[in-house]
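This report refers to the structure that appears directly beneath it.
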Amino acid sequence: MICIYCLEDQIQSFFTKVEHIVPQSFGRFKNNLTLHNFVCDGCNKYFGDNLEIALGRDTYEGRLRFDYGLMQPSKFKSLGKQSRLTVRIHEGEFKGAYAYREYSEVQQQIIIKPVPQVGFRKLVDSEIEYYLLDQIPTTQHFDQNGYDLDQPGSIRILPSTEVESIKAILLEKGFTFKSHKDVNPDESEPSLLCKIEGVIDESIIRAVAKIAFNYLAYWQGPQFMLEADFNSTRQFIRYGVKPQYPLIKIRQEAILCDEPVSGKRRSGHLLTVDWAADKRSIVAQVSLLNWLTYSVSLARDFSGEHRVIQRGDFFDPYNQRILQLGAKPNLALQTDR
Ligand SMILES: [Zn+2]
């Protein structure tokens, strides 16, 4: 038996695990789309331990699972400083401060807490600008740019529990304190409006590409996927080998043409696959929780069989069902499976 990712020929006992098209962390579905005997246990474990963890815990889509009630708040795991996502408070007294989200046992919900940082206020009534500890500019920067750091409240240290240690860092960098005051965001406040900035890095792109590859494999079978024209994609997913051409394009528009760029969309995941306009390339689209749309080029100049491969499905995690999308032009939802 040959694994569609590593292409190794192994005996059946190395194919005991079930590979889910949409990772289980994004929902469980009746009549779920799964691959049996396509993906060897070694590849399955590698994907689970590396790509799927990043996709679930460290993407905006992963966070939406909590906001949309798909995941229990107690399952929330913060990646802390290593996170690809930056959270900044977007309103109120602590506007601009860096924060992270954490599950609170006491409040039984996800709360927002400040990360260690220092804020500087240029003038008495100007907004505070925050810097993470390794990004604090020199004292000269503030002198040259007209900051009056001798005024009361011009330096703010967060969180309050780390004032002494952060103060020592500032003294070492040449800052002096004539007057000093610190305040702390109310840590019991779960609903502060935050702005989240994320980095979609290679692990995440590979995780998304795997969903697309799995999806085509589910509908076309393992033999079709062994075609050498899929090698760039499979090596990128399995080993991170960079392809010669951009494999993924990300856009904000929804897959379904009747949905807005911003505003309410159907709550669920969308997967589609078809020949590209050139009729020689195979392109899939993946949208988790109908947020960003990832177009994945699965094969270019495909030399294998040009069979009909058009397919689209909507995964509704709230009702655990999968609906097939109708044909073009508008891919509207068509039938209940
Ligand atoms: Zn394998």
I'm trying to understand the selection: among the residues of the stretch 261-276, which are assigned to a loop (DSSP other than H, G, I, E, B), closer than 24 Å to residue 310 by Cβ and at pLDDT 80 or above? 268, 276
Checked the stretch 1-17 for anything over 17 Å from residue 50 (Cα atoms), surrounded by 14 or more Cβ atoms within 10 Å (Cβ to Cβ), free of Cβ contacts under 8 Å to residues at least 60 places away in the same chain and within 30 Å of the chain's Cα centre (by Cα); matches are 3, 15
Answer residue from the stretch 243-291, given it is farther than 23 Å from residue 66 by Cα and hydroxyl-bearing (Ser, Thr, Tyr) and is surrounded by the fewest Cβ atoms within 10 Å (Cβ to Cβ) among those: 245
Quick check: anything in the stretch 91-106 in contact with a Cys (Cβ under 8 Å, 6 or more places away or on another chain) and among the aliphatic types (A, V, I, L, M)? yes
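Each row is one residue, and each column tells you yes or no for (1) of a type in the set (Ser, Thr, Tyr); (2) surrounded by fewer than 18 Cβ atoms within 10 Å (Cβ to Cβ).
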position	(1), (2)
44	no, no
48	no, yes
58	no, no
61	no, no
68	yes, yes
73	no, yes
91	no, yes
97	no, no
106	no, yes
When both residues are 6+ apart or on different chains and their Cβ atoms are under 9 Å apart, which pairs have a first residue that lies in the stretch 201-228 and is hydroxyl-bearing (Ser, Thr, Tyr), and a second that is crowded, with 24+ Cβ neighbours inside 10 Å and assigned to a helix (DSSP H, G or I)? 203/51; 203/55
Of 98, 68, 103, the only residue that is within 19 Å of residue 317 (Cα to Cα) and of a type in the set (Ser, Thr, Tyr) is 68
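The values are calculated or read from the model by the stated rules, or taken from the named source; none is laboratory data. Bear in mind that the values here come from a model prediction, so they are computed numbers and not experimental data. Heads up, the Cβs are rebuilt from the backbone with ideal geometry, glycines too, and the neighbour counts pull from every protein chain shown.
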